[in-house]
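Working notes, structure below.
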Amino acid sequence: MKLDRVMENINRHIENRNRLGSRSKVNVRFIEQDINRDHFDDFLAYWSSRLSEEVGDEVQKQPCNNWGRGDDEGGFGTSPCVRLWDQCIIISSGAVTLCCSDFNARYAFGNVMEAPLLEIWNSPERQRILGIHQDRRRDELNLCDACDIPELLPLMKEFPKKTKETV
């Protein structure tokens, strides 16, 4: 997919959402790398002018994460991943997976082509995994044990501006 087409689609979604009065939240994420490090201010200015604080839109900035593959340092912590409670990932096959790093559906809780999403979301296996995270034992789960995203999350939100209350 070409960047121009993606930008058109996102902007059209935002325009439609605003026109219809929908509460659909939009998050855009800047993955900081050596090649783009000097471009974040422009990225933030562009999206801040289009997004809505009232709806709960966010611009996020994060360093590259390890996609659950770990690295030589290891010891990624036991912080629960809050994304498990507020993001529902459905991949192209219809599988509802654990998270955005679970692109191979290692933890597939069901398929939206075969069962209602709410049933999958509340499935006993998904609830078991959430319990492991709540108990700060994510290091017992393959994929989660080598993931650095929970430790990166507090660093990410850039819009709306951070305040003492949101940090």
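Read-outs throughout are calculated quantities, based only on the coordinates presented, and are distinct from any laboratory measurement. This is a predicted model, so every value here is computed, not measured. Ideal geometry is used to build each Cβ from the backbone, glycine not excepted, and the neighbour counts take in all protein chains shown.
Here the calculated FRET efficiency for Asp145 and Ile90, from their Cβ-Cβ distance with R0 = 22 Å, stands at 0.35, rounded to the nearest 0.05. For Gln60, nonlocal amide neighbours, meaning residues 5 or more places apart or on other chains whose placed amide H falls under 5 Å from its own, are Val28, Arg29, Phe30, Glu158.
Applying a DSSP loop filter and a limit of 14 other Cβ atoms within 10 Å to the trypsin sites (Lys or Arg not before Pro) in segment 2-38 leaves Lys2, Arg23, Lys25. One chain, two ends: Met113 and Ser52. Fully extended at 0.36 nm per residue, the span grows by 18.7 nm beyond their Cα-Cα distance.
Computed from phi, the 3J(HN,Hα) profile of segment 93-100 under the Karplus parametrisation 6.51, -1.76, 1.60 (θ = phi - 60°) reads 6, x, 5, 8, 9, 4, 6, 5 Hz, with x in place of Gly and Pro. Computed from label points 7 Å out along Cα-Cβ, the spacing between Asn27 and Arg12 is 2.5 nm.
Inter-part distance, segment 109-132 to segment 21-52, computed on C-alpha centroids, equals 31 Å. Between the amide H of Gly110 and those of Val96, distances stay under 5 Å, these residues lying 5 or more places away or on another chain, with hydrogens modeled in the peptide plane.
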